[in-house]
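The next block holds one structure in the form of structure tokens; read it before the comments.
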Amino acid sequence: MRVIYLPTFWTILVDFAAWFMIHLGVAFALVRFSVNRFNPGSWLFKSRNWERGGEVYPRFFKIRKWKARLPDASPFLRGRGFPKKRLAERSDAYFTAFVHETCRAEATHWIMVLFAPFFFLWNPVWVGFFMIFYALAENIPLIMAQRYNRYRLRRVLGEEGTPEVRAING
């Protein structure tokens with residue numbers, strides 16, 4: 001049940017503006033946190049058995065075919081973003097930072113999904129459910145890409161390296 005009633009034109013305009021602000025607002029907020037606050041070993045980011053060491057993504061979801069087409073918001077984050085399209089270097093420290101960055105990006109997309117139920121406040125119920133579907137369809141592929149990248153980076157890092165690298169792999 002809607003709490004706020006708007007004419008259709010204004011409802012659509014508010015929907016577009018709200019998603020735009022959610023996407024930018026969450027991204028800008030999370031890049032302000034130190035990347036070290038996003039622990040790859042924490043509950044949200046840890047490896048899951050069903051992921052089969054990351055192999056579920058290329059095998060069942062064919063991620064290699066579509067991952068390159070995903071947007072990278074780092075150019076819009078005023079130098080605070082971590083570009084993920086191309087590797088900037090090939091050091092353990094860089095790969096370790098990249099692993100943490102995949103956690104920040106994943107958290108960003110999960111938080112964006114959490115905003116979807118608010119659209120029930122000013123939309124008909126069917127549109128509210130559509131907004132949940134949109135949030136999932138928009139963010140799940142990006143979450144999958146972060147998790148897939150994290151598996152790949154962990155393989156590159158291996159078990160050798162600094163205690164920090166071993167902690168990520170542990």
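Here are some notes:
- Criterion applied to Glu106, Glu160 was being at pLDDT 95 or above and not polar (S, T, N, Q), and the one residue passing it is Glu106.
Each row is one residue, and each column tells you yes or no for (1) out of contact with any Asp or Glu (no Cβ under 8 Å at 6 or more places or on another chain); (2) part of a helix (DSSP H, G or I); (3) at pLDDT below 90; (4) surrounded by 15 or more Cβ atoms within 10 Å (Cβ to Cβ).
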{"residue": "Trp50", "(1), (2), (3), (4)": "yes, yes, no, no"}
{"residue": "Arg59", "(1), (2), (3), (4)": "yes, yes, no, no"}
{"residue": "Lys65", "(1), (2), (3), (4)": "yes, yes, no, no"}
{"residue": "Ala68", "(1), (2), (3), (4)": "yes, yes, yes, no"}
{"residue": "Pro75", "(1), (2), (3), (4)": "yes, yes, yes, no"}
{"residue": "Arg80", "(1), (2), (3), (4)": "yes, no, yes, no"}
{"residue": "Lys84", "(1), (2), (3), (4)": "no, no, yes, yes"}
{"residue": "Arg90", "(1), (2), (3), (4)": "yes, no, yes, no"}
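The values are calculated or read from the model by the stated rules, or taken from the named source; none is laboratory data. On a predicted model such as this, the values are computed, not experimentally measured, just so you know. Counting neighbours? That spans all protein chains shown, and the Cβs are built from the backbone with ideal geometry, glycine included.
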